[in-house]
Amino acid sequence: MKILVAADGSEFTRRMVAYWAAHEEWLGPQHQYTVLTVVPAVPPRAAAVLDRDLLQGYYAEEGEKVFHPLRVFLEKQGLHATFVSKTGHAADLIAQTASEGDFDLLLMGSHGHSGLGNLVLGSVATRVLAQCKTPVLLVR
């Protein structure tokens, strides 16, 4: 099974990883993993005055902050994954990556806002669910 794991390094990602570790059906060498993180883009006016290499270094560093604990986790499990960092709007890029990569499952954590909270605050998970045709396993 091809599994896309969306991670942002938050407490909700840690909960998702704990769930993942506790469920053998999602964890094992029979699966192919891609770990995705989306770094929010620096506003265009700020990006215009920054050195391109400096900006790319910032995006890479932010992605690696998310990836490091996941690399350690997967190494302890004896598993390999592809790590992909993208820049932009998280929900759009997660859904797009899941669809274009022909994944069998998208695994991600959720903040667990109520319906009213989603309406007021918005939710990456809600937007991903609305846009994604790939089955999504949300861990709260």
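Starting from the range 1-24, take each residue that is over 11 Å from Met108 (Cβ atoms) and list its partners that are among the β-branched types (Val, Ile, Thr) and assigned to a helix (DSSP H, G or I), counting only C-beta distances under 6 angstrom and pairs at least six apart or across chains. Within 6 Å, the pairs are Gly9/Val66. For the range 26-100, the helices (runs of 4 or more DSSP H) that sit wholly inside it and include 1 or more residues that are surrounded by 13 or more Cβ atoms within 10 Å (Cβ to Cβ), within 15 Å of the chain's Cα centre (by Cα) and not β-branched (Val, Ile, Thr) are 52-77, 90-100. Checking the range 49-64 against the condition returns no match, with no residue being at pLDDT 95 or above and in contact with a Phe, Trp or Tyr (Cβ under 6 Å, 6 or more places away or on another chain). Remark: pairs (first residue in the range 54-66, of a type in the set (Phe, Trp, Tyr); second residue not in a helix (DSSP H, G or I); Cβ separation under 7 Å; 6+ apart in sequence or on different chains) = Tyr59/Val39; Tyr59/Ser85; Tyr59/Thr87. The condition of being touching a Ser or Thr at 6+ places or on another chain (Cβ under 8 Å) and crowded, with 17+ Cβ neighbours inside 10 Å does not hold for Val17. Screening the candidates Val124, Val42, Val136 for the property of being modelled with pLDDT of 90 or more and under 16 Å from Thr13 (Cβ atoms) yields one hit, Val136.
Considering only residues that are part of a helix (DSSP H, G or I) and not β-branched (Val, Ile, Thr), look in the range 110-121 and name the one that is modelled with the lowest pLDDT. Lay out the reasoning, then the answer.
Taking the range 110-121 and keeping what is part of a helix (DSSP H, G or I), we get 115-121.
Filter once more, so that each one left must be not β-branched (Val, Ile, Thr): 115-119, 121.
Details: Gly115: 52, Leu116: 49, Gly117: 47, Asn118: 48, Leu119: 47, Leu121: 39.
Looking at residues that are part of a helix (DSSP H, G or I) and not β-branched (Val, Ile, Thr), I get Leu121.
The values are calculated or read from the model by the stated rules, or taken from the named source; none is laboratory data. Note that the structure is predicted; figures quoted are calculated from it, not measured. As a convention, Cβ positions derive from the backbone with ideal geometry for all residues, glycine included, and neighbour counts pool all protein chains shown.
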